[in-house]
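This is the structure I have questions about; it appears just below.
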Amino acid sequence: ARAVAKIIAEPASLTMVAGQTVPIKVVAVDAQGNVVADAPLRLSGARGALWVNREGREVKALKAGKYEIVASTASRAVGAPPPITLRIPVTVTWPAVSRLEITPEPGRLYTGVTLAHRARAVHADTTERRDAVIRWTSSNTAVASVDRFGNVTAHRPGPVTITAETEGVRESVRYTVAANPVSSLEINLTETSLRTGDVIPLRATAKRATGAVISDVPVTWAYTYTPD
């Protein structure tokens, strides 16, 4: 068998968009530049970022970033010379964001209440841009403010629009903040004694001054532990 002198890739480097699949030709050649057709080659890409089809010589980009595909000769015999390798640089960019989807935490936005919001940036092929940088704004911070994580806190009654934006794509949710009707909050615990490792459900009930239950108030839980 002819000795492999080097590995050649066509193209020598790749620039792709996440979700795209492109062909790549990788061959082993001898010192005269002739293809060594029977030379076994192995191709590998960055796990979770590039998928390499070893049979069809295709590459699929999964995640934006700068990566490498490593092609190498497979040494089968004991005492064979070290494998010859070729590193193929790959640059992957994200496709454009086509829309934003905002999902608010269940509940009504009363004064003094904070509602969490999640914004999901989606490409035209319905895949999600998981590392999108979302900018949150409020149309009236006196009525309700929003932090950089999408947590909206109501301050006084009135209309307000909360907007999420990334790469020029915007989506909004509108609220009419109402006065907070809660006058008491009860925590219901069915068990009177607990053991280490027990999991006990808790239920919080918000009530009006009349004793009527308010079912649409979101409740935030916290606890304080004091050791023995």
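The values are calculated or read from the model by the stated rules, or taken from the named source; none is laboratory data. All figures in this text were calculated on a predicted structure; none of them were measured in a lab. Quick reminder, even Gly has a Cβ in these numbers, built from the backbone with ideal geometry, and neighbours come from all protein chains shown. What goes into the accessible areas is simple: the full protein's heavy atoms, side chains included, and nothing from ligands, DNA or RNA. Shrake-Rupley method; radii C 1.70, N 1.55, O 1.52, S 1.80 Å.
Can you name the residue in the stretch 84-93 that is within 26 Å of Thr21 (Cβ to Cβ) and not basic (Lys, Arg) and is also most open to solvent (accessible area, probe 1.4 Å) among such residues?
Looking at residues that are within 26 Å of Thr21 (Cβ to Cβ) and not basic (Lys, Arg), I get Thr85.
Among the residues of the stretch 25-46, how many are modelled with pLDDT of 90 or more and of a type in the set (D, E, K, R)?
Number of matching residues: 2.
Mind counting the residues in the stretch 94-111 that are farther than 14 Å from Glu167 by Cα and surrounded by 13 or more Cβ atoms within 10 Å (Cβ to Cβ)?
Counting residues in the stretch 94-111 that are farther than 14 Å from Glu167 by Cα and surrounded by 13 or more Cβ atoms within 10 Å (Cβ to Cβ) gives 8.
Looking at Leu100, Leu86, Leu115, can you tell me which residue is touching a residue at least 12 places away in the same chain (Cβ under 8 Å) and in contact with a Leu (Cβ under 6 Å, 6 or more places away or on another chain)?
That would be Leu115, the only listed residue that is touching a residue at least 12 places away in the same chain (Cβ under 8 Å) and in contact with a Leu (Cβ under 6 Å, 6 or more places away or on another chain).
Can I ask one more? In the stretch 60-74, how many are more than 26 Å from Asp38 (Cα to Cα) and surrounded by fewer than 15 Cβ atoms within 10 Å (Cβ to Cβ)?
So the answer is 1.
Starting from the stretch 187-210, keep only residues that are farther than 25 Å from Gly107 by Cα and of a type in the set (D, E, K, R), then list their pairs with residues that are open to solvent by less than 100 Å² (accessible area, probe 1.4 Å) and modelled with pLDDT of 85 or more whose Cβ atoms are within a distance under 9 Å, requiring at least 6 positions of separation or different chains.
That search, which allows pairs on different chains as well, returns Glu191/Asp198; Glu191/Ile200.
Scan the stretch 122-147 residue by residue and report those that are open to solvent by less than 40 Å² (accessible area, probe 1.4 Å) and in a loop (DSSP other than H, G, I, E, B).
Arg129, Ala132, Ile134, Val143
Determine whether Asn53 is modelled with pLDDT of 90 or more and over 30 Å from Phe149 (Cα atoms). Please lay out each step first, then the result.
On the way: modelled with pLDDT of 90 or more: no; over 30 Å from Phe149 (Cα atoms): yes.
No, not satisfied.
Quick one: Asp38 ticks every box in (1) in contact (Cβ under 8 Å) with a residue 24 or more places away in the chain; (2) open to solvent by less than 80 Å² (accessible area, probe 1.4 Å); (3) of a type outside the set (S, T, N, Q) bar one, so which box is it?
(2)
A further question follows. Please work out if Thr114 is closer than 20 Å to Leu100 by Cα, within 25 Å of the chain's Cα centre (by Cα) and hydroxyl-bearing (Ser, Thr, Tyr).
no
Please go through the stretch 188-211 and give me each residue that is modelled with pLDDT of 90 or more, of a type in the set (A, V, I, L, M) and surrounded by 10 or more Cβ atoms within 10 Å (Cβ to Cβ), ordered by number.
Ala204, Ala206
While we're looking at this one, here's another question. What do you reckon, is Pro81 open to solvent by 30 Å² or more (accessible area, probe 1.4 Å), without any contact (Cβ under 8 Å) to a residue 12 or more places away in the chain and assigned to a loop (DSSP other than H, G, I, E, B)? Full working, then the answer.
Details: open to solvent by 30 Å² or more (accessible area, probe 1.4 Å): yes; without any contact (Cβ under 8 Å) to a residue 12 or more places away in the chain: yes; assigned to a loop (DSSP other than H, G, I, E, B): yes.
Against the criterion (open to solvent by 30 Å² or more (accessible area, probe 1.4 Å), without any contact (Cβ under 8 Å) to a residue 12 or more places away in the chain and assigned to a loop (DSSP other than H, G, I, E, B)), Pro81 qualifies.
Restrict the check to the stretch 151-166 and report whether at least one residue is under 19 Å from the mean Cα position of the chain (by Cα), surrounded by fewer than 14 Cβ atoms within 10 Å (Cβ to Cβ) and modelled with pLDDT of 95 or more.
no
Return yes or no: is Thr192 of a type in the set (Val, Ile, Thr) and in a loop (DSSP other than H, G, I, E, B)? Even if it seems obvious, please write down each step before you answer.
Details: of a type in the set (Val, Ile, Thr): yes; in a loop (DSSP other than H, G, I, E, B): yes.
Spelling it out, Thr192 is indeed of a type in the set (Val, Ile, Thr) and in a loop (DSSP other than H, G, I, E, B).
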